[in-house]
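What follows is a set of notes on a single structure, which appears directly below.
The values are calculated or read from the model by the stated rules, or taken from the named source; none is laboratory data. Predicted model, so just to flag it, every value in this text is computed and none were measured. Cβ atoms come from the backbone with ideal geometry, glycine included; neighbour counts cover every protein chain shown. For accessibility, only protein heavy atoms count, side chains too; no ligands or nucleic acids. Shrake-Rupley method; radii C 1.70, N 1.55, O 1.52, S 1.80 Å.
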Amino acid sequence: MLRIENQLVKIPTGSLSMRDDRKGKIWTTDLASFFLSKYQVTQNVYFRVMGENPSVFRGSENPVESVSWTDCIDFCNKLSEQSGLRRCYEIGEKTSILDKTANGYRLPTEAEWEYACKAGSKKPRYGELSEIGWYEGNSSGTPHAVGLKKPNEWGLYDMLGNVWEWCEDLYDPEVYGTYRVFRGGGWNDPERGCLATNRRRSMQSYQIDDLGFRIARSIFD
């Protein structure tokens, strides 16, 4: 059985100021403590759970990429079941529902992701980009094994660069329907693309070679 408890970091409670540029709104989100994986999900871990590896750039310790949002929540459910936890998602033909009371694995919300990425910093990056992430300027045109760069203050690696990361949230349902958010920048992005506040979106079936994910778990008293 695959066990990854030792790869989870407990993120403390806190709050985050967020902004919607289209609506011109700024608000504060309060966040309960949760677990987040210190690494992006690797190809080795993904294969052990799913029995396949969709990645273009092969390497067992490289982040899995070319995975859709739906692939990611399917992985979360299967890992939860293999770990003896209650799965978080009910996956239908056209819709997927998150059970917020389940103790299994899930994708982080957008607010959780940004809060964890900043790790208490007020700056757009938690360090010098060349020291903390793989991007266009140092990647040599390929993703790299996870955990080779410096982590942030909470022990999370590759929060910026290497591959973008799917989040739980819909991007803007009024305009984009079921498009989901991804965050963090990737190996093919210029420096300005790798910021804690940058947002991108696409359809739930979208797959590309610089987009992966990391997993979260809720904490219940």
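Here are a few things to note about the model shown:
- Selection within the stretch 21-37: residues that are in contact with a strand residue (DSSP E or B) (Cβ under 9 Å, 6 or more places away or on another chain) and in contact (Cβ under 8 Å) with a residue 24 or more places away in the chain. The member of this set that is nearest to Val175 (Cα to Cα) is Thr29.
- Scanning the stretch 45-100 for residues that are among the acidic types (Asp, Glu), in a loop (DSSP other than H, G, I, E, B) and either touching an Asp or Glu at 6+ places or on another chain (Cβ under 6 Å) or over 20 Å from Cys167 (Cβ atoms) (or both) yields Glu52, Glu61, Glu65, Glu93.
- Residue match in the stretch 181-190 (condition: open to solvent by 60 Å² or more (accessible area, probe 1.4 Å), modelled with pLDDT of 95 or more and touching a Ser or Thr at 6+ places or on another chain (Cβ under 9 Å)): yes
- Condition broken by Tyr176, with the remaining ones in (1) over 18 Å from the mean Cα position of the chain (by Cα); (2) more than 22 Å from Tyr46 (Cβ to Cβ); (3) buried (at least 18 other Cβ atoms within 10 Å of the Cβ) satisfied: (3)
- Here Ala145, Ala111, Ala116 are screened, and the one residue that is within 18 Å of the chain's Cα centre (by Cα), of a type in the set (A, V, I, L, M, F, W, C), surrounded by fewer than 22 Cβ atoms within 10 Å (Cβ to Cβ) and not in a loop (DSSP other than H, G, I, E, B) is Ala111.
- Unmet criterion (only one of (1) surrounded by 15 or more Cβ atoms within 10 Å (Cβ to Cβ); (2) not in a loop (DSSP other than H, G, I, E, B)) for Gln40: (2)
- No other residue among Ile26, Ile91, Ile11 is open to solvent by less than 60 Å² (accessible area, probe 1.4 Å) and either modelled with pLDDT under 95 or within 23 Å of Asn152 (Cα to Cα) (or both) apart from Ile11.
- Long-range neighbours under 7 Å by Cβ, at least six apart or interchain, first residue free of Cβ contacts under 8 Å to residues at least 24 places away in the same chain within the stretch 46-62, second polar (S, T, N, Q) and open to solvent by 50 Å² or more (accessible area, probe 1.4 Å): Ser60/Asn44
- Test: residue in the stretch 201-215 that is of a type in the set (Asp, Glu), open to solvent by less than 30 Å² (accessible area, probe 1.4 Å), assigned to a loop (DSSP other than H, G, I, E, B) and in contact (Cβ under 8 Å) with a residue 24 or more places away in the chain: yes
- Cross-chain or 6+ apart pairs with Cβ under 9 Å, the stretch 160-188 first and part of a helix (DSSP H, G or I) and among the β-branched types (Val, Ile, Thr), then surrounded by fewer than 19 Cβ atoms within 10 Å (Cβ to Cβ) and modelled with pLDDT under 95: Val175/Arg22
- Candidate set: the stretch 119-132, residues that are of a type in the set (Lys, Arg) and either outside any loop (DSSP other than H, G, I, E, B) or modelled with pLDDT under 95 (or both); chosen: the one least open to solvent (accessible area, probe 1.4 Å): Lys123
- Taking the criterion of being among the charged types (D, E, K, R) and surrounded by fewer than 16 Cβ atoms within 10 Å (Cβ to Cβ), the residues of the stretch 49-77 that qualify are Glu52, Arg58, Glu61.
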